[in-house]
1. Given the chain, what count of lysine pairs have C-alpha atoms under 22 Å apart, with each pair 8 or more places apart or on different chains?
2. Which translational diffusion coefficient, to the nearest whole µm²/s, is obtained for the range 13-65 from the Stokes-Einstein equation, given a Kirkwood hydrodynamic radius over C-alpha pairs, 37 °C and 0.692 mPa s?
3. So if I take the centroid of the Cα atoms in the range 80-115 and the same for the range 1-55, what is the distance between those two points in Å?
4. With no solvent and one equal point scatterer per Cα, compute the Debye intensity ratio I(q)/I(0) for the range 62-103 at 0.20, 0.21 Å⁻¹ and report its log10, rounded to two decimals.
5. Which residue fluctuates most in the GNM of the chain (Cα springs below 10 Å): Gly38, Gly11, Gly57?
6. Rule-of-thumb check for the chain: C-alpha Rg over 2.2 N^0.38 Å?
7. Counting Lys and Arg as +1 and Asp and Glu as -1, each charge on the Cβ, what is the dipole of the chain about the Cα centre in debye, to the nearest 20?
8. Report, to the nearest whole %, how much of the accessible area of the chain belongs to carbon and sulfur atoms, 1.4 Å probe, protein only.
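The values are calculated or read from the model by the stated rules, or taken from the named source; none is laboratory data. On a predicted model such as this, the values are computed, not experimentally measured, just so you know. FYI the Cβ positions are ideal-geometry reconstructions off the backbone, even for glycines, and counts take in every protein chain you see. Heads up: the accessible areas ignore ligands, DNA and RNA and are worked out on the full protein's heavy atoms, side chains in. Shrake-Rupley method; radii C 1.70, N 1.55, O 1.52, S 1.80 Å.
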Amino acid sequence: MSIEDKAKDLGRLIGQSQEYQALKRANDALAQDQDALGVLRRMEQLRMEAHRMIERGDRPTSEMEQELDTLLQKVQLNPTYQRLLVSQENFDKTMARVNEWILDGIERGAASPIITLG
């Protein structure tokens, strides 16, 4: 079996994992939550506007900062958004463990003597 085949198998297993499935469900739920989406869109608009102001050498207004703080508090209290954050964190932990296992395999593979047939 080639490295590509093993990588595809690993991807399939990750896609079937509880952590990935929970993240997918949380993303799907957020896509249906119009209140949360509206808040997140407005936050992104404010962020982009503030970025443009900073690029011009201006400072974002205190009203913008206050609105962003208010929106942040609102979205952080949203249960759909909270589920997404927890699901993302759990999936990230799983992927970190997968990466550790891969690195361990690489190190073991590099330390193995090369066997030649011939």
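1. Taking the chain as the scope, the lysine pair count is 4.
2. Working: Rh = 13.6 Å.
Calculated translational D: 242 µm²/s.
3. So the two Cα centres are separated by 18 Å.
4. -0.68, -0.70
5. Comparing Gly38, Gly11, Gly57 in the GNM, the peak value goes to Gly57.
6. Numbers: Rg = 22.1 Å, N = 118, 2.2 N^0.38 = 13.5 Å.
With N residues counted in the chain, Rg over 2.2 N^0.38 Å equals 1.64.
7. Numbers: 16 positive and 20 negative charges, 53 e Å.
With only Lys, Arg, Asp and Glu charged at Cβ, the dipole is about 260 debye.
8. 56
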